[in-house]
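See below for the structure under consideration.
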Amino acid sequence: MGTRIAVDIGGTFTDLVMESDAGTRVSKVLSTPEDLVEGVLDAVKGAGADLEDVSLFIHGTTVGLNTFLERSGGKVALVATRGHRDAYIIGRGHRPDMYDLKYQKPTPLVERDSILEIDERISASGEELLPLDANSVAVAAKAIAEAEYEAVAVSLIHSYVDPLHELETRNILRKSLPDIPIVLSHEVAPEWREYERTSSTVTSVYITPRVRDYLSRLSEALRDRGLSVPLHITQSNGGAMIADSAADRAVLTLYSGPVGGVIGGREVGRLTDQPDLICIDMGGTSFDVSIVRGGQVGMQSEFELQGLPILAPAVELVSIGAGGGSLIYERHGGLRVGPESAGSFPGPASYGRGGVRPTVSDANVVLGRIPRAQKLAGSFTLDRQAAEDALDSVAGFFDLTATELAEQALDVTHFVMAEAIRELTVERGLHPKDFAIVAFGGAGPLHAAFLAEELEVERVLIPANPGVFSAWGMLQGDVRHDAVTTHYRRLDQPIVDLTEPIERLKDKVCREMEVDEEQRAGMGFETHIELRYVGQEYSLPIPLAATAADEEFKASFHARYEERYGHANPEAPIEMVAIRLTGIREFERGPSGDGNVETGGADSTIEEVIFNGRSMDISIVDRGNLSGRLAGPAIVMEPSTTTVVPPGWELRVASQGHLIMERGGRQ
């Protein structure tokens with residue numbers, strides 16, 4: 001099989017998982033935000049990896065997402081059809097929150113002065129109404145060169161039907177602009193809805209210079225150290241693609257970092273016979289939530305970032321600023337937690353690296369929920385006194401002790417996290433108690449049981465090596481590529497054979513994945529049909545495999561619509577708007593979830609821990625020493641995380657080293 005490596009960069013730590021015939025090895029080092037490449041190389045060194053023996057190196061990167069959120073992307077020019085210059089600026093007229101009197105439209109990534117018009121026109125049916133004027137493109141190219149733009153987005157009317165004018169435009173621009181990225185809308189989002197398609201293209205090209213630079217430097221650094229196979233990047237859809245493709249399709253990497261844990265959660269659910277899961281990933285900076293239902297990861301064909309629409313397949317995620325490094329502070333007389341984080345430097349006060357403001361991690365240290373013997377990232381010792389001093393600096397505002405403030409801050413944190421979970425469950429007619437929680441990330445197992453109590457959940461799964469679980473999850477994915485074609489038809493019209501457009505999509509996917517006929521024969525394909533009620537704006541994907549006739553399409557759509565929105569209208573007419581196809585090629589992999597657990601080799605001890613204002617002497621157990629059942633209160637310690645088993649809960653070792661924690665332990 002060869003050695004397989006996955007690396008996940010978080011706001012505080014960079015995690016690595018290495019699988020080989022010798023088993024699983026993990027590495028956890030502090031992230032290096034000044035140059036993320038150094039953090040990856042540090043993690044490789046920490047694992048003692050020999051890159052010459054590596055058969056797969058896969059990486060989840062937050063470079064694209066952080067570039068977008070920080071608005072630190074390239075200087076972008078947008079080329080549009082004459083007369084449609086303002087389509088991107090105007091956007092949509094709806095108000096997501098109609099009662100918010102202070103609502104402001106999302107700030108676009110491109111100012112109006114950076115939108116250039118050219119003469120051309122394609123109709124909605126693909127007819128050329130006005131030939132492309134090469135001179136107008138040359139004029140735009142000159143303006144782009146003089147203003148020193150770093151990247152160019154091209155989004156022309158109805159190019160999703162016929163991309164000829166966009167392709168010709170790029171050829172002309174390339175003559176004057178040979179060294180900057182030029183991204184075409186029909187390659188990013190070949191779909192109807194002009195504003196959304198343009199927004200997706202602009203977002204992709206906005207982050208492209210930063211993503212391309214990072215991936216280029218990382219690939220070169222890994223090659224210099226002996227890596228001979230292509231670097232793979234995790235996509236927002238949970239699959240992977242080679243780094244060169246990711247550099248050209250940067251928009252597909254926006255959720256590259258968080259999705260690894262979702263794929264891993266699905267695999268652990270399969271191994272433990274838990275098909276319905278709430279996956280929570282709590283690291284140093286953020287708290288990410290996703291859902292697995294019936295063993296399937298929740299997917300979406302479009303999403304929004306800071307109010308801007310993105311047409312790209314992605315795992316459904318809710319992410320909030322609530323991690324171990326989230327700051328605890330007073331504002332307007334109230335206790336607040338996050339979203340601002342202490343980051344990896346100086347980090348929480350308890351890290352002993354100069355931090356003086358209290359964080360969620362400091363609260364856990366003061367309450368004894370992170371044991372004194374725990375060494376974060378396997379290297380440095382916690383400073384409990386510094387954590388207490390930091391909490392005291394805020395506790396005075398509320399006339400509380402440091403420990404009282406710590407418990408109240410964690411209560412606030414758990415409520416905020418529960419609200420994020422309710423967004424994906426309760427707001428969609430689902431009850432959290434019908435799910436199990438799978439908790440991972442450096443801080444996930446610390447908080448999982450308390451969060452379960454908030455949501456009436458009865459069972460929590462703690463996977464093997466939870467502190468580096470997102471990296472492990474990346475190794476459980478596949479190479480994936482998505483394609484879409486706009487295809488209108490009302491379902492009350494005669495049935496039309498979809499074989500031809502589906503075969504065209506398969507051909508496109510195989511070209512993009514660079515597979516030959518033999519490899520194609522071993523691939524899997526998933527097809528979804530986008531349906532909507534006639535007159536509505538948004539659609540829902542229905543699996544083609546589950547349907548054989550229009551009546552079954554309709555029944556599946558009504559059921560899916562009611563599940564998603566809480567109501568349906570079976571008498572209303574339905575129309576098809578698009579066909580989506582995913583090509584899947586599996587990675588070679590070894591035994592899934594082999595359960596090799598990194599241990600600290602520590603003996604069980606007794607320490608003072610505070611629960612609900614009561615001080616208790618409880619057992620601190622090394623995970624490697626667990627067997628049978630462990631009744632709470634107790635704490636399980638391992639190098640990458642700490643699992644808290646509160647009073648009233650009981651923990652047992654499941655198959656392949658995973659842990660199951662349930663209500664009902666001895667009080």
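The values are calculated or read from the model by the stated rules, or taken from the named source; none is laboratory data. These numbers were taken from a predicted model, which means no experiment stands behind them. We place every Cβ from the backbone using ideal geometry, glycine too, and count neighbours over all the protein chains shown. What goes into the accessible areas is simple: the full protein's heavy atoms, side chains included, and nothing from ligands, DNA or RNA. Shrake-Rupley method; radii C 1.70, N 1.55, O 1.52, S 1.80 Å.
So is Val188 within 22 Å of Asp15 (Cα to Cα), aliphatic (A, V, I, L, M) and open to solvent by 10 Å² or more (accessible area, probe 1.4 Å) or not?
Judged against the criteria, Val188 is not a match.
Listed residues Arg85, Arg92; which is free of Cβ contacts under 8 Å to residues at least 40 places away in the same chain and of a type outside the set (A, V, I, L, M, F, W, C)?
Values: Arg92 fails: free of Cβ contacts under 8 Å to residues at least 40 places away in the same chain.
Of Arg85, Arg92, the one residue that is free of Cβ contacts under 8 Å to residues at least 40 places away in the same chain and of a type outside the set (A, V, I, L, M, F, W, C) is Arg85.
Mind checking whether some residue in region 329-341 is in a loop (DSSP other than H, G, I, E, B) and at pLDDT 85 or above?
Yes.
Could you identify the single residue in Glu427, Glu388 that is over 22 Å from Ser319 (Cα atoms) and either small (Gly, Ala, Ser) or open to solvent by 10 Å² or more (accessible area, probe 1.4 Å) (or both)?
Only one candidate passes the filter, namely Glu388.
Name the residue that is nearest to Arg480 (Cα to Cα), counting only residues in region 532-544 that are part of a strand (DSSP E or B) and over 26 Å from the mean Cα position of the chain (by Cα).
Initially, region 532-544 is screened for residues part of a strand (DSSP E or B), giving 532-533, 540-543.
Now restrict to residues that are over 26 Å from the mean Cα position of the chain (by Cα): 532-533.
Values: Arg532: 26, Tyr533: 30 Å.
By that ranking, first place goes to Arg532.
Residues that are in contact with a helix residue (DSSP H, G or I) (Cβ under 6 Å, 6 or more places away or on another chain) and under 19 Å from Phe287 (Cβ atoms): which strands (runs of 3 or more DSSP E) entirely in region 422-524 hold 1 or more of them?
Those strands (runs of 3 or more DSSP E) span 436-440, 459-462.
Please work out which residue is least open to solvent (accessible area, probe 1.4 Å), limiting yourself to region 167-185 and to residues that are assigned to a loop (DSSP other than H, G, I, E, B) and hydrophobic (A, V, I, L, M, F, W, C).
Leu177
Test Ser361 against the criterion of being open to solvent by 60 Å² or more (accessible area, probe 1.4 Å) and under 25 Å from Gly257 (Cβ atoms), and give yes or no.
no
Answer yes or no: is there a residue in region 412-419 that is part of a loop (DSSP other than H, G, I, E, B), farther than 30 Å from Glu19 by Cα and either open to solvent by less than 10 Å² (accessible area, probe 1.4 Å) or among the aromatic types (Phe, Trp, Tyr) (or both).
No - not one qualifying residue is present in region 412-419.
When Glu608 is evaluated against the numbered criteria (1) surrounded by fewer than 16 Cβ atoms within 10 Å (Cβ to Cβ); (2) part of a strand (DSSP E or B); (3) without any contact (Cβ under 8 Å) to a residue 60 or more places away in the chain, which criterion, by number, is the only one it fails?
For Glu608, the failing item is (3).
Looking only at residues in region 267-298 that are hydrophobic (A, V, I, L, M, F, W, C) and in a helix (DSSP H, G or I), which one is most open to solvent (accessible area, probe 1.4 Å)?
Restricting to residues being hydrophobic (A, V, I, L, M, F, W, C) and in a helix (DSSP H, G or I), the top hit is Leu271.
Has region 150-162 got at least one residue that is exposed (fewer than 12 other Cβ atoms within 10 Å of the Cβ) and either under 34 Å from the mean Cα position of the chain (by Cα) or not polar (S, T, N, Q) (or both)? Walk me through how you get there before you give the answer.
Of the residues in region 150-162, the ones exposed (fewer than 12 other Cβ atoms within 10 Å of the Cβ) are none.
No: region 150-162 contains no residue that is exposed (fewer than 12 other Cβ atoms within 10 Å of the Cβ) and either under 34 Å from the mean Cα position of the chain (by Cα) or not polar (S, T, N, Q) (or both).
Can you name the residue in region 191-212 that is in a helix (DSSP H, G or I) and of a type in the set (Asp, Glu) and is also most open to solvent (accessible area, probe 1.4 Å) among such residues? Show your work before the answer.
Pass one, region 191-212, residues in a helix (DSSP H, G or I): 194-212.
Cutting the leftovers down to of a type in the set (Asp, Glu) gives us 194, 196.
On the way: Glu194: 41, Glu196: 4 Å².
Residue satisfying both the conditions and the ranking: Glu194.
Return the residues of region 627-655 that are open to solvent by less than 30 Å² (accessible area, probe 1.4 Å) and at pLDDT below 85; say none if nothing qualifies.
Passing the criteria: Gly632, Ser640.
May I ask you to verify whether Val621 is closer than 22 Å to Val468 by Cα and without any contact (Cβ under 8 Å) to a residue 24 or more places away in the chain?
In short, yes.
Mind counting the residues in region 213-266 that are surrounded by 24 or more Cβ atoms within 10 Å (Cβ to Cβ) and either without any contact (Cβ under 8 Å) to a residue 24 or more places away in the chain or β-branched (Val, Ile, Thr) (or both)?
7
Kindly list, by first and then second residue, each pair from a residue in region 525-544 that is buried (at least 19 other Cβ atoms within 10 Å of the Cβ) to a residue that is of a type in the set (Gly, Ala, Ser) and in a strand (DSSP E or B), limited to pairs with Cβ atoms under 8 Å and residues at least 6 apart or on different chains.
Between residues of region 525-544 that are buried (at least 19 other Cβ atoms within 10 Å of the Cβ) and residues that are of a type in the set (Gly, Ala, Ser) and in a strand (DSSP E or B), the close pairs are Ile529/Ala578; Glu530/Ala578; Ser539/Ala578.
Determine whether Gly355 is free of Cβ contacts under 8 Å to residues at least 40 places away in the same chain, open to solvent by less than 20 Å² (accessible area, probe 1.4 Å) and not basic (Lys, Arg).
Judged against the criteria, Gly355 is a match.
Please verify whether Tyr88 is farther than 18 Å from Thr234 by Cβ, assigned by TED's automatic domain parsing to the domain that holds Ala221 and in a helix (DSSP H, G or I), treating the condition exactly as stated.
For Tyr88, the condition - farther than 18 Å from Thr234 by Cβ, assigned by TED's automatic domain parsing to the domain that holds Ala221 and in a helix (DSSP H, G or I) - is met.
Please go through region 342-376 and give me each residue that is part of a helix (DSSP H, G or I), more than 28 Å from the chain's Cα centre (by Cα) and closer than 15 Å to Thr641 by Cα, ordered by number.
Val365
Limited to region 4-35, what total is found for residues that are surrounded by fewer than 20 Cβ atoms within 10 Å (Cβ to Cβ) and of a type outside the set (D, E, K, R)?
5
Name every residue in region 318-328 that is open to solvent by less than 30 Å² (accessible area, probe 1.4 Å) and either assigned to a strand (DSSP E or B) or within 22 Å of Gly477 (Cα to Cα) (or both), in order of residue number.
Across region 318-328, the qualifying residues are Val318, Ser326, Leu327, Ile328.
Among the residues of region 474-489 satisfying the criterion of being in contact with a Phe, Trp or Tyr (Cβ under 8 Å, 6 or more places away or on another chain) and open to solvent by less than 20 Å² (accessible area, probe 1.4 Å), which is modelled with the lowest pLDDT?
Gly477
For a quick check of your reading of the model, give me the residue pairs whose first member lies in region 156-173 and is under 14 Å from Ala124 (Cα atoms), whose second is assigned to a helix (DSSP H, G or I) and among the β-branched types (Val, Ile, Thr), with beta-carbon atoms closer than 8 Å and at least 6 apart or on different chains.
Between residues of region 156-173 that are under 14 Å from Ala124 (Cα atoms) and residues that are assigned to a helix (DSSP H, G or I) and among the β-branched types (Val, Ile, Thr), the close pairs are Leu156/Thr169.
Which of (1) open to solvent by 10 Å² or more (accessible area, probe 1.4 Å); (2) in a loop (DSSP other than H, G, I, E, B) is the odd one out, the single condition Gly74 does not satisfy?
Exception for Gly74: condition (1).
Counting only residues that are under 17 Å from Phe13 (Cβ atoms) and open to solvent by 10 Å² or more (accessible area, probe 1.4 Å), how many does region 447-473 have?
2
Just to check your reading of the model, which residue among Glu191, Glu166, Glu187 is at pLDDT 95 or above and acidic (Asp, Glu)?
Glu166
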